[in-house]
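Quick note: the coordinates plus some simple rules give every number you see, no bench work behind them. If you're wondering where the values come from, they're calculated on a predicted model, not measured in any experiment. Counting neighbours? That spans all protein chains shown, and the Cβs are built from the backbone with ideal geometry, glycine included.
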Amino acid sequence: MKILKTPRMERCIGCNSCSLACARLVHKRLSWLAAGIRIMSTGGMSTGFDARLCLACNPAPCVDACPTGAYAQRKDGGVNVKKSLCIRCGDCAHACPVDAIYLDNTGEPYVCIHCGRCVPFCPHDCLEMMGSSKKSFAEGAEGVLP
Amino acid sequence: MIRDHFRVLVVDLSAGKGKIITHEGRDEFVGGSGLAAHLFDQFGQPDRPWDDPDQPLIFAIGPLTGYFPLMSKTVCAFKSPYHDQYAESHAGGRSALSLKFADLDALVIVGRAPAPACLAVGSHHLEIQDVHFLWGKNVKSTGKRLRQMFSGSGHRSILRIGPAGEIGSAMASINVDTYRHFGRLGGGAVMGVKNLKGIVIEGDEMFALPAGKDYQKLFQKVYEQLTATDMMKKYHNLGTPVNIAVLNDLNALPCRNLQQTSDPQIDGITGETFAEETLLRNQACSGCPIGCIHLGYVREKFHQDHRYYFFQVAYDHEPIFATGAMLCVTDAFAVLGIIDEIEEMGLDVMSAGVALSWATEATEKGIISDKDTIVPLKFGDAEAYKQAVVHLGSGASDFYRLLGMGTLKAAEHYGGSDFACVLGQEMAGYATGEVFYTAQSLGLRHSHLDSGGYSYDQKHDDKDVQKAVDFLITDEQDRVLLTSMVACLFARKVYTKAHLAECLDVLGYPAIAENLDAIKQQIQKKRWQLRLATGFKPEAVAIPKRFTELTTWKGKTDAKYLNALKSAYAKKLNTIGAST
């Protein structure tokens, strides 16, 4: 299974096309927050941009934190989420060490499902779907415990 | 959110309170330019001066904002300190999507805060915070503090003013997210008189999309048209500075306070030079994949032991023309240094550059002296211009305070009106001919973007007055329709009338989609009604003598043609703006 990674974020221009695409295509929303990938400046517009998204942990702390089984571990890292089982407690977001899960005003969580539908909307090729074994040093750890 | 009315937040800074109002008229005024005019009609005080606390400062977006790419601009409307009349200025950055996701079609600010304040709004919050400690701070410093103080990092827009806005300069801009601006006609001074140092708009709401597949399909089609062709290459490659060399070759680039229309040293400041030597990276407005914002760098040595600092400066054709060509500064890094000072003071770069070019020629001619300008001004002296910018932005002397109210205001006092490069306000970077001079002088925003007069000059050799005026009127209508959606005008070739109708229809605005011709005329009329009601007399506009002395690739300006254009266009505008 492939994982969405952000190996070339230094190219990011902050257009939010990826976030808007995720919200539009995956979550059927108009939003730049209700998305599995969110773009932030790294300390003002002069400092470039960073992507907040699931780094495909394995094991994923959000799975462990979820009290209702809404979150399940994906085989090669990351999670599957069954929203019908979610009670909007927000424990998943609190457990995520990299702030990858967005909670809306009702407590509904939005997390990357590594579907890759945002990738073609990036005008600078910052994003890539990669095999879980492929190294992407740009985003640090691979999400798999040694 | 898709709605058949407007949801508007009206904030009264005097009372420290706001209220949400429902404003009717969606099918007639659409949003953006139309909505701003519609709101000024309700909240504006045509007979009272621009600095009356009751005058509104309006920010408006449109029905397509966020739903389609490049629908990424915000329209700001106010009574201008430049001419005390109705004015519009446009900006992008994150402002449009922040307003959309704050669930507002418009934000209207009236009143005056008792102390310097920052207004913070979002879909679920409104606060007015005392920021007296930021008064006097420049744009960069203010931005840093506001980022710390308010929530919503990454998904908000931070608008702020610098010292120029605080002193009421008619050249004061409103900075948007560091690299964009509501630049022209003094919106920054309107914030200043309201004691409003900053506005933070947090976009923290989300909306359902139209049901079915039609919207998704149409989005994809529009997105591909914008990105899969070379149509937008001009904007993301060299960007608008590509025009510098092109216009210079045509003898149509305003240089040396318009004493020349080309400069043999231009190679130092062409778009190609900026891209190859200074360009660090690009940036985009939210919701636009083009990335037309070009950021150059300046590296300065502050200690002999190889100690440096650097900063990033956004550049475009207009800032380069105004602070480079007009001031005879032909080193790209020096130009960026001047632009940076202008940014920090919160001035409009076009007005500031053109005003200083007039001041330099006035110095040469002995009309003003170093006593007035504090620092001796000389064409090509970038360091002197950087100091002059600080004086202009802070109103350091009577001369600079008057100059900040408009170059012609200073010229009326000191002399030198003949060579003031003013077309309604300080000129834009096109010396293309009679149609452009007429278009900017009489255009509603006094902007090169009101209509494509500069393009018409380049495509037509005939001197058919009626044909040219008809073009200006209809082109303005087409543009005002786009700025009511609110589209970036760079996308005007993609968002044809048919495309706009499709987009509106798929979102559930069939009444607008079916009626675009009538709507664009109606919005055009409303704006001109406001402009005339606030005192504009098109027939009284004078174009300074300097413009009649120019020689471009087409030859010398035809003064007779220019006057005929001006009279015919003024007559037409008076007809459009007649109240019945």
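Brief remarks on what is shown
- Shielding by partners - mean other protein chain Cβ count within 10 Å, residues of B:285-294: 5
- Stretching B:Ala542 away from B:Lys17 to a fully extended chain increases their span by 184.6 nm, per 0.36 nm per residue minus the current alpha-carbon distance.
- The Cα atoms of chain B cover 65, 59, 50 Å along the three principal axes, with the biggest extent listed first.
- Approximate spin-label separation A:Leu85-B:Glu24, in nm, with each point projected 7 Å along Cα-to-Cβ: 5.2 nm
- Value of relative contact order over the range B:145-271, rounded to a whole percent, pairs C-alpha under 8 Å and six or more apart: 17 percent
- For the range B:413-508, the convex hull drawn through the C-alpha positions has a volume of 122 cubic angstrom per residue.
- Between the range B:74-90 and the range B:113-160, the alpha-carbon center distance in angstrom: 22 Å
- Cα centroids of the range B:209-225 and the range B:474-506: 17 Å apart.
- FRET efficiency estimate (nearest 0.05) - Cβ-Cβ, B:Asp41 to B:Glu514, R0 22 angstrom: 0.35
- Computed E for B:His5/B:Glu412 - FRET, C-beta separation, R0 41 angstrom, nearest 0.05: 0.35
- Two-site label geometry, B:Ile374 and B:Ala578: point separation in nm, points 7 Å out along Cα→Cβ: 5.0 nm
- Computed over the range B:1-96, the Cα gyration tensor eigenvalues convert (square root of 5λ each) into semi-axes of 23, 16, 13 Å, ordered from largest to smallest.
- From the Kirkwood radius over Cα pairs of the range B:244-363, Stokes-Einstein at 10 °C and 1.306 mPa s returns a whole-number translational diffusion coefficient of 106 µm²/s.
- Only helices reaching 24 angstrom along their own axis (Cα) with mean Kyte-Doolittle hydropathy no lower than -0.5 count here, and for the DSSP H runs of chain B these are B:465-482, B:559-576.
- At R0 = 41 Å, FRET efficiency that the Cβ-Cβ distance of B:Ser567 and B:Asp54 yields, to 0.05: 0.65
- Square roots of 5 times each gyration tensor eigenvalue, C-alpha, the range A:2-130, largest first, Å: 24, 15, 14
- Other protein chain Cβ atoms within 10 Å, averaged over every residue that makes up B:216-223: 2
- Ordering of B:40-48, B:268-276 by packing [mean C-beta count within 10 Å, highest first]: B:268-276, B:40-48
- Working ranking of peptides B:406-418, B:387-399 by packing, defined as the average number of other Cβ atoms within 10 Å per residue, highest first, is B:387-399, B:406-418.
- Restricting the range B:139-228 to trypsin sites (Lys or Arg not before Pro) that sit in a DSSP loop and have at most 11 other Cβ atoms within 10 Å of their own Cβ leaves B:Lys213.
- Estimated dipole of the range B:6-202 in Debye, rounded to 20 [Cβ of Lys and Arg +1, of Asp and Glu -1, Cα centre]: 880 debye
- Here is the list for the range B:471-575: GluC sites (Glu not before Pro) lying in DSSP coil, each with at most 15 other C-beta atoms within 10 angstrom of its C-beta, are B:Glu514.
- Calculation over all alpha carbon pairs of the protein assembly as shown in 20 angstrom steps from 0 returns a P(r) of 18, 52, 26, 4, 0 percent.
- Shape call, the range B:6-202: gyration tensor on alpha carbons, a/c limit 1.5: rounded
- With both residues required to sit in the protein assembly as shown, DSSP beta bridges show an antiparallel share near 85%.
- Taking the three principal axes of the alpha carbon atoms in the range B:113-245, the coordinate ranges are 51, 47, 24 Å, sorted in descending order.
- Dipole magnitude of the range A:2-130 about its Cα centre (Cβ charges: Lys, Arg +1; Asp, Glu -1), debye to nearest 20: 420 debye
- Put in order of Cβ neighbour count within 10 Å, fewest first, the listed residues A:Arg52, B:Arg256, A:Arg88 become A:Arg88, B:Arg256, A:Arg52.
- Shown here: the range B:166-213, whose C-alpha atoms stretch 52, 19, 17 Å along the first, second and third principal axes, sorted largest to smallest.
- Additional length obtainable on full extension of the chain from B:Phe310 to B:Ala211, 0.36 nm per residue less Cα span: 30.7 nm
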